[in-house]
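*Asks:* Before anything else, here's the structure in question.
The values are calculated or read from the model by the stated rules, or taken from the named source; none is laboratory data. Just so you know, these numbers come straight off a predicted model, no measurement behind them. With ideal geometry, Cβ positions are generated from the backbone for all residues, glycine too; neighbour counts draw on all protein chains shown. SASA here: full protein model, heavy atoms, side chains in, ligands and nucleic acids out. Shrake-Rupley method; radii C 1.70, N 1.55, O 1.52, S 1.80 Å.
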Amino acid sequence: LGLHQEVERLHRERAATPEEARRANTELRAEMRVAGNYFAELERAAAELLAGVGYAGGPVSQQAIANIAERLGFRLHYVSDVPHSTRSVIDRRNGRIYLNSNLPSRDARAPIVRSLASIVCGHEEPRSYGDFLRQRVEANYLAGAVLLPESAAVDLLSESKRQRRISMEDLRDAFGVLDEMAA
């Protein structure tokens with residue numbers, strides 16, 4: 001009887017997944033809207049990571065990101081035998097981050113920071129789709145906060161605003177990030 005009830009519970013859970021995903025997404029978007037899409041604790045974490053490797057301004061280099069990984073106890077390994085859709089795999093036990101060397105863009109900075117986000121943010125195994133979604137948002141936000149450091153980005157945008165010529169492309173070029181991250 002217990003096995004039958006567990007099978008039924010799993011079946012209901014799987015059937016509810018699309019609804020759970022919509023509900024979790026709606027809740028997370030509402031929280032983000034209230035916060036103005038700004039996560040102060042992640043901005044502070046990014047600033048601390050960058051300060052720890054001596055970031056002085058401009059685009060955050062691949063070497064600076066590798067140094068951040070090293071300070072957190074990880075070494076980078078570029079490999080070609082990971083699944084096609086995989087950008088990185090983190091091996092916490094052995095302190096390694098495996099990066100797909102076959103990616104069209106050779107800029108591995110964001111995938112490295114996204115991999116390290118679970119360490120920096122203290123993420124555990126997600127218990128629900130809502131947890132999973134929140135962790136993904138936090139990982140992407142942290143990557144953006146590291147690659148577009150708040151103080152430098154605010155300075156650039158403030159000056160652009162003063163001159164009445166704010167441009168996403170200028171932000172992208174100043175920090176060497178992709179369009180979607182600059183946006």
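*Asks:* Rounded to two decimals, what is the ratio between the C-alpha radius of gyration of the chain and 2.2 N^0.38 Å? Walk me through the intermediate numbers first.
*Replies:* Working: Rg = 19.2 Å, N = 183, 2.2 N^0.38 = 15.9 Å.
After normalising by residue count via 2.2 N^0.38 Å, the value is 1.21.
*Asks:* Moving on. Shape verdict for region 68-157, please, from the Cα gyration tensor: rounded (a/c under 1.5), prolate (a/b greater than b/c) or oblate. Intermediate values should be presented prior to the final figure.
*Replies:* Numbers: a/c = 1.56, a/b = 1.18, b/c = 1.33.
It is oblate, given that a/c is not under 1.5 and a/b is not larger than b/c.
*Asks:* Shifting gears a bit: For region 107-154, which semi-axes, largest first and in whole Å, follow from the square roots of 5 times the eigenvalues of its Cα gyration tensor? Write out the running numbers ahead of the final one.
*Replies:* Details: eigenvalues 95, 26, 14 Å².
Semi-axes (√(5λ), whole Å): 22, 11, 8.
*Asks:* For the chain, what does the helix formula give at 222 nm: sum of -39500 (n - 2.57) over DSSP H segments with n ≥ 4, over the residue count, nearest 500 deg cm²/dmol? Display every interim value, and only then the final one.
*Replies:* Details: 9 runs with 111 residues, N = 183.
Calculated mean residue ellipticity at 222 nm is -19000 deg cm²/dmol.
*Asks:* For a quick check of understanding: with a 1.4 angstrom probe and all protein chains in place, what accessible area in square angstrom does Tyr141 have, to the nearest ten?
*Replies:* Its heavy atoms expose roughly 40 Å² to the probe.
*Asks:* Any idea what the alpha-carbon Rg over 2.2 N^0.38 Å comes to for region 24-72?
*Replies:* Numbers: Rg = 14.7 Å, N = 49, 2.2 N^0.38 = 9.7 Å.
For region 24-72, the normalised Cα radius of gyration is 1.52.
*Asks:* Which GluC sites (Glu not before Pro) in region 74-183 pass both tests, a DSSP loop state and at most 16 other beta-carbon atoms within 10 Å? Working shown, then result.
*Replies:* Details: sites: Glu124, Glu138, Glu150, Glu159, Glu169, Glu180; in loops: Glu124.
Taking region 74-183 and a limit of 16 other Cβ atoms within 10 Å, the loop GluC sites (Glu not before Pro) found are Glu124.
*Asks:* Calculate the spin-label point distance for His123 paired with Lys161, positioning each point 7 Å from the Cα along the beta-carbon direction, and give it in nanometres.
*Replies:* So the two model labels end up 3.1 nm from each other.
*Asks:* So how do Phe175, Phe132 rank on accessible area, 1.4 Å probe, biggest first, that is with the largest at the start?
*Replies:* These residues rank, largest area first, as Phe132, Phe175.
*Asks:* What are the semi-axes of the equivalent ellipsoid for region 10-100, taken as the square roots of 5 times the Cα gyration tensor eigenvalues, largest first, in whole Å?
*Replies:* Working: eigenvalues 205, 113, 26 Å².
Each semi-axis is √(5λ); the values are 32, 24, 11 Å.
*Asks:* How many Å² of accessible area per residue for the chain, probe 1.4 Å?
*Replies:* Values: 11880 Å² over 183 residues.
On a per-residue basis, the chain sits at 65 Å².
*Asks:* Something else about it: At Phe132 and Asp179, where each label point lies 7 Å from the Cα along Cα→Cβ, what is the point-to-point distance in nanometres?
*Replies:* Each label point lies 7 Å from its Cα, and together they span 3.0 nm.
*Asks:* FRET efficiency for His11 and Ser80, Cβ-Cβ distance as r, R0 = 41 Å, nearest 0.05?
*Replies:* On the way: r = 40 Å, r/R0 = 0.97.
After rounding, the FRET efficiency stands at 0.55.
*Asks:* How charged is the neighbourhood of Glu150? Take every other residue with its Cβ under 11 Å from the Cβ of Glu150, and add Lys/Arg as +1 and Asp/Glu as -1.
*Replies:* Summing Lys and Arg as +1 and Asp and Glu as -1 gives -1.
*Asks:* Report the one residue of Gly176, Ala152, Ile90 whose Cα lies farthest in the direction of the positive end of the charge dipole of the chain (charges on C-beta: Lys and Arg +1, Asp and Glu -1; origin at the Cα centre).
*Replies:* Farthest towards the positive end: Gly176.
*Asks:* Of all the accessible heavy-atom surface of the chain, with the other protein chains kept in place and a 1.4 Å probe, what percent is carbon and sulfur? Don't skip to the end; give the middle numbers.
*Replies:* On the way: 6080 of 11880 Å².
After summing per-atom areas, the C and S share lands at 51 percent.
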